1. At 7 Å along Cα-to-Cβ for each site, give me the label-to-label distance between ASP557 and ALA835 in nm.
2. Convert each backbone phi in segment 696-712 into a coupling constant with the Karplus relation 6.51 cos²θ - 1.76 cosθ + 1.60 (shift: θ = phi - 60°), then list the ³J(HN,Hα) values in order as whole Hz, x for Gly and Pro.
3. Given a 1.4 Å probe and every protein chain left where it sits, what share in percent of the accessible area of segment 336-378 is carbon and sulfur?
4. Between ALA464 and ILE872, what length in nm is gained on full extension when 0.36 nm per residue of separation is reduced by their alpha carbon distance?
5. R0 = 45 Å: FRET efficiency of THR632 with LEU435, Cβ-based, nearest 0.05?
6. As an exercise, use a Förster radius of 25 Å and the Cβ-Cβ distance of GLU790 and SER272 to find the FRET efficiency, rounded to the nearest 0.05.
7. What are the residues whose amide H is under 5 Å from the amide H of GLY403, where those residues sit 5 or more places off or on another chain and H is modelled from the backbone?
8. Residue by residue through segment 721-728, what is 3J(HN,Hα) from phi via Karplus (6.51 cos²θ - 1.76 cosθ + 1.60, θ = phi - 60°)? Round to whole Hz and write x for glycine and proline.
Amino acid sequence: MSQTTLLEEVVQWSKDTCRLEVKSVLPKLIISFQSWEEHIHVLKIITDMFLPHLSLSELEDECFSKVLPKVGKMFNTLMEEITNQVGGLSIQNTEIHSFLRNILQVMVQVLEVLSGCVRHVCSFEEAPALDSIRSLPSCILKVLRNTFQHCKESGEVYCGRLSLVGDLLQGLFKEAYSLQKGLMGLMDRISLENTASEDDVSDIITGVCVSVSEETHASVWLFCVKYGSLVEERLRHGDITSCLCDDLLASFHSCLELAEQISQAGPQVAHSPEYKLFQKTTKMCRFFANTLVHYIKEFKAFLSKSCRRFHQLYLQIVSKFPPSLCSTVLPSPLSDELNGAVLVPMDALLSQLLPLRPFAESVLNPSQHLSPETELPHCLLLVSVMGQFPSHPEEALQLWCDGSHFPEDTPRLPLFRALFQSFRRCCTERRVPVLLPGVMLKGQAQGNVTLHHHVCVMLCARVASLPPEHFPLLERSLLEAVLQPDTQTALLATDVWFYFMTYLPFFHPLLTLPQVKSCGGESYQLSHLSLLLRRMVFLMTPEHQMELVERFPPSQDDNLPVWCHILLRALSHDARQRVEADIITLTNTTVTNWQKAGCKLGQLDKNIALLSLLMVVRGVSPEAECESSALTIISQLWVAMCPSQVQIHPSIQCTLKLLLSMSAILVKSFDPQVICQALVCVGAMVSEKCPDDLLLAALDFLASLGKVFIPHDSQSQVLPRLSDLFGALLAERSWLINQHALEAFAHFAEVTNHEEVISQSLSSEDTKNKVVNFLSKTINAQETVETRLERLRLETPVLERHNSILETNEETPCPKRARQETSVEEEYSRYLQTAESALRALQTLVEGRATDTPVPPPHWVTSRLQELQTLITHISTTTEP
């Protein structure tokens, strides 16, 4: 009987005939496969008419092992035919068009036949053994891999002619997805535990997991979970989780693109095709994210090599949500859906990964290089890790908080140190500033808060419950953060330390005092430590404050670096009186000794006594006894100030800055001649290039002069100088100095009685316009949000480079500083300028009093002047050749 005659006869058979002839006819039908059109016809006959008459134990040997390999080969042939013929596809080439559509229809029919095989196996009441259907899962997975890959690459394969076969491709994908679901249902029923041998396990790994494609990874995880004890060591966990991560990211990016399109289209989008597609895509995101979480939960012991990928996935996703600077602002409904689908599962993902050492090593790696877009997500990741500690055992806390201990360990920063470093790197975000939702307080959510506020609250909440054995490392992390150059990071550490002082009294401030004493000169470390110390003294009891005074008596020179940074008003009455008296006495002694030594420049290098005196002056009350002593010291120093020396020597500039700061506070008590001398020195500095901090101190002093009424006999010497100085500083090109000059001038103009100074200071039209605009709060050029953000981003590397230079003590090349040891000629010049300044100040005093009151100067003034005249004559005679 020929094959054609056999097929014609078989299709006429009844069910009973098929049941009786199944074993004799099946081999003949199997060898009848010729072309792929005939193949699918015979395949349908076998599965529809004869497969139902085979028992479960007969399926593999009698049918699947013989038929399904040929099905796989035929499917590969169909794929090759498409590749070979698709180049000629066009609407004009009807032959190729029809040919390719026929192939796609046959591929759909093959999938339908395989689905029929799955349904038949699942129809048996007993659970199928792997041996009884061994060829079926393997064949289906290979076919699904080819199908999904073809659909995924259809845009490239059909090159703009996708519309000619789009309906069939859609049907092919739906049928493949249905077959995939059926296969997973079948896998769920397969019994392995009692019957599986080593070979069974090997076969199922090879046939189900190893050969599975990236498109089906997301679905086989349930099967892997069920039989994890048998397959876990043979699964390609890295490939599976990598494809899950890729699928999640791809769906997530599609959601973002759709959300942007919807938000641009306007509010009437609830029933638009884009919105429906967006909802479907978010469901896919949720599915991939939850699948990944469950997979990690079941196989976390085998995912050490994937932890870095999980870390990157977390950063990539969080970077696309607010408050990240590269996120897109979306309408609330779309944003809420995305949060629920993607962001919420990230917390669950983090909870699963937190106990894993490789994940901690990836996150806490000290040498990792993050892109600017992921710096903030990394910081928020560390904050989230802290927030999850209460739900994890002590081992997880040790893993994250202790850091690496041994050289052979993978380097791992302690969590708190890593958090401060990460916060420091979020420079742009802090300056914008980005805002985060506040924590719940008394059942009510706070408004949005800054990153500093958010991190500070979370840090304080977490470390308050930290076991005591972690305190030493925490203290070191806090001190390191205080001693690094970024001021806001130091302020964050100071805030946390201040919290400890309030609620955990064993964090004692005295531990910072040795560091304060060891910081010589002016440095960012000294500034940060002094900030910490000032705040901590407020929390000390009077007994502890007196202990501080006893341990670091201000009467000793080497303790002044401590007291010059403490706000004396924070001290108790007894402690404050003791400190003020000791500092006044020590400063007076220092100045007196300096004067007795001939006001030598080298002895003026140490201004720490004056800095301590400044702290006294800042806290002094008008009726305080120490005010008169401070006035005497400051007046003596002003008389000794020589303008030409101020321009040359940095040590005198530092003294002048301190004098200006103290004089701005006590200006009402100064004689006009002292004010005049101060203005002369400031004028000499303004006329030359001088440090900005000195100009800022000068502006504070000039602003304070608005509170002083200058006597008529001194106005001619004071007011013109004052007008000239304001005019020069208001014309400064430096935006910093110019802004402070505007503020100082406004403050002066608001309270002064000398209104002529105001008009005389505004000598140019440009200066007048700037002052008017400032007073009226007029903004000439308003930055757009985008422009400001771009400017901040460009400034960030400049600031980081500056901090790096400070941290490594590197300095850019600069001209050699003038020697502190002066030559003989310089000595002569300095002493003559000092004498001249003193005599001019005396002249101002004498002339001022002579016109203001009939009382003449003291009688001894004339005799002293005659003595000076004799001394001058003697010096002149000695110097003659």
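1. Between ASP557 and ALA835, the simple spin-label model gives 2.9 nm.
2. Karplus values, whole Hz, x for Gly and Pro: 5, 5, 5, 5, 4, 5, 4, 4, 5, 5, x, 7, 10, 9, 7, x, 4.
3. On the way: 850 of 1590 Å².
Summing carbon and sulfur atoms, their accessible area is 53 percent of the total for segment 336-378.
4. Working: separation 408, 0.36 × 408 = 146.88 nm, distance 7.25 nm.
Between ALA464 and ILE872, full extension yields 139.6 nm more.
5. Working: r = 52 Å, r/R0 = 1.16.
Efficiency for this residue pair is about 0.30.
6. On the way: r = 34 Å, r/R0 = 1.35.
FRET efficiency, GLU790 to SER272: 0.15.
7. Hits under the 5 Å cutoff: LEU415.
8. 5, 5, 5, 4, 5, 4, x, 5
The values are calculated or read from the model by the stated rules, or taken from the named source; none is laboratory data. Only a predicted model underlies this, so the values are computations on that prediction, with no experimental measurement involved. Every residue, glycine as well, gets a Cβ built from its backbone with ideal geometry; the counts of neighbours run over all protein chains shown. The protein model used for the area step is the full one, side chains on, heavy atoms only, and it has no ligands, DNA or RNA in it. Shrake-Rupley method; radii C 1.70, N 1.55, O 1.52, S 1.80 Å.
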